[in-house]
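Right, one structure below, let's go through it.
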Amino acid sequence: MDLNYKYPNSVIYNIWYQGRRLYTGSSVDFPQRKRGHKSSYNNNKDRPLYRKLKEKNIQFEDLQFIIYKEFPCNDLKELRKEEGKCIKELKSEFNENIAGRTKKEYQKDNKEKLKEYQNEYQENNKEKLKEKRKEYCEKNKEYQKEYFKEYQKDNKEKIKEYQNEYYGVNKEKLKEKIICECGIEYTKHHKARHEKSQKHINYMLNKQN
Ligand SMILES: [Zn+2]
């Protein structure tokens, strides 16, 4: 499957009832869509399809959901366009009736459908999206590591020089000898320790008196 397809699992499907094609629809996740239809039917969702089914006293269990064609595509517009084409061609019973719905109903349908598509897509691709993100992070981590390694290799001499310079300068500085006013000699590195020494403290106390 070409992963460039954003909606690789898209299908056009038909709902059949006793050899009659009742409805043509599209989905980015067909199994999920079937569950959605079932839940909408059971909850008496106020949509033309479910109203029609109830009117005709058709039980959900008697419906057959059959894929008409697989239609991997790049965006919802493509899928909707294909769906529209198929609806026109197939003239499924309820779609024909649905065509006569009010503008408001049509807009509501479209809005809900779009939401449904998005939910389906996210549900369907949850693992894939997670995997992709993880992959990217890993790749980036590897890249950073490689980059750092390369950088270190290319700049080995420079880095060494720099480190030598830094530590060298500091080492010398820290080794610097200081003669305290108390008469004791200490290295700069041990200044704090010296100032806490009893000898130094005694001297300072005497000086104040
Ligand atoms: Zn001292």
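The values are calculated or read from the model by the stated rules, or taken from the named source; none is laboratory data. Quick caveat, the model's predicted, so the values are computed rather than measured. Every residue, glycine among them, receives a Cβ derived from its backbone with ideal geometry; neighbour counts consider all protein chains shown.
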Can you find, within region 173-189, the residue that is nearest to the ligand (Cβ to nearest atom) among those that are more than 14 Å from Tyr203 (Cβ to Cβ) and in a strand (DSSP E or B)? Ile178
Only one of Phe60, Phe30 is closer than 25 Å to Tyr121 by Cβ and within 28 Å of the chain's Cα centre (by Cα); which? Phe30
Could you list, ordered by first residue, the pairs with Cβ atoms under 9 Å in which the first is in region 194-209 and of a type in the set (S, T, N, Q) and the second is outside any loop (DSSP other than H, G, I, E, B) and more than 7 Å from the ligand (Cβ to nearest atom), at least 6 apart or interchain? Ser197/Tyr186
Taking the criterion of being outside the structural domain of Ser27 (by TED's automatic domain parsing), part of a helix (DSSP H, G or I) and within 30 Å of Ser10 (Cβ to Cβ), would at least one residue in region 138-161 satisfy it? yes
Here is a list: Gln163, Gln198, Gln144. Which entry is among the polar types (S, T, N, Q), within 16 Å of the ligand (Cβ to nearest atom) and loosely packed, with under 11 Cβ neighbours inside 10 Å? Gln198
